[in-house]
Ligand SMILES: *Cc1c(COP(=O)(O)O)cnc(C)c1O
């Protein structure tokens, strides 16, 4: 995986009845077509840990279209590790969709479990059972949401100048945001746009920051840099409407940059809305972290103007 491909690009976007907005975008989507963006960041130190422990491979969890599962499959293959994916839905097979097919092609062994079993993925008893069943596998939580995942995400901002006033990114588990906040200058505001309904993401980020620092005062003061945006999930995780598709196509026509409908499209929409509403001023230096996800946009490929890998 080559993070030097993740360039910092200056973008000028024209909005209706508004002055054009100039901002910067960190192109983590260019790291790899499959292991895109933050998924590589979150796996990097998990892979190191698995290798150091002389594990046979990585066992992890995901839904049928999971960017994380396919990223894990490819990264493990490249690193000579085996991989096991525990997939939500016992009606599924290796052939059910392009994501699962590719996981299998990369050598991942898929274990399809019922929705009720999948719910147990954070319970110790269930994890011990999996550990006994697949001995010597290093277990990584869904979405790469652990300490090593967050550490890997600290490297995103370390590759950029440190004078941004605002940083925008999309959030699922909040792990990427934990890495970003903990590596940002204390004056930088981190705007996290939730791809899911609900307000739980703030608590997850605080927990993640506490895991990193062992210092209550420090983690709470970092947490104050977070601005959580829960108004742009477009109906919830994976929910997409015509307005969002049109926006993603318009953005692509103007900038040549593809966005995915599940995460980055919603986050970009939110950032431009904040600009329109005057929450960011024209002179504020603003960074958007493109966390990737184009692999997952295949589901909507007949409506999108760009080719998804
Ligand atoms: C998985 C994913 C996210 C969510 O990252 P978290 O660290 O779980 O918050 C954001 N953007 C894209 C494109 C993703 O695939």
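The values are calculated or read from the model by the stated rules, or taken from the named source; none is laboratory data. In this text, all values refer to a predicted model and were calculated from it rather than measured experimentally. Methodologically, a virtual Cβ is constructed for each residue, glycine included, from the backbone with ideal geometry; neighbour enumeration extends over all protein chains shown.
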Hey, does segment 125-141 have a residue that's over 19 Å from residue 289 (Cα atoms) and within 16 Å of the ligand (Cβ to nearest atom)?
-> yes
So which of 287, 304 is more than 13 Å from the ligand (Cβ to nearest atom), buried (at least 19 other Cβ atoms within 10 Å of the Cβ) and either more than 17 Å from the chain's Cα centre (by Cα) or more than 24 Å from residue 164 (Cα to Cα) (or both)?
-> 304
Where in segment 1-109 are the helices (runs of 4 or more DSSP H), entirely inside, with at least 1 residues that are in contact (Cβ under 8 Å) with a residue 40 or more places away in the chain and farther than 22 Å from residue 308 by Cβ?
-> 38-52
Are any of the residues in segment 112-121 within 17 Å of residue 141 (Cβ to Cβ), touching a residue at least 60 places away in the same chain (Cβ under 8 Å) and outside any strand (DSSP E or B)?
-> yes
Residue selected from segment 170-185 under the condition near the ligand (Cβ under 6 Å from one of its atoms) and either assigned to a loop (DSSP other than H, G, I, E, B) or assigned by TED's automatic domain parsing to the domain that holds residue 61 (or both), by the criterion surrounded by the most Cβ atoms within 10 Å (Cβ to Cβ) = 174
Sort out which residues of segment 27-39 are at pLDDT 95 or above and crowded, with 24+ Cβ neighbours inside 10 Å, and write them in order of number.
-> 28, 29, 38, 39
Residue list for segment 196-239, restricted to those being buried (at least 17 other Cβ atoms within 10 Å of the Cβ) and free of Cβ contacts under 8 Å to residues at least 24 places away in the same chain = 206, 210, 219
Would you check if residue 121 is touching a helix residue (DSSP H, G or I) at 6+ places or on another chain (Cβ under 7 Å) and either in the same structural domain as residue 80 (by TED's automatic domain parsing) or surrounded by fewer than 18 Cβ atoms within 10 Å (Cβ to Cβ) (or both)?
-> yes
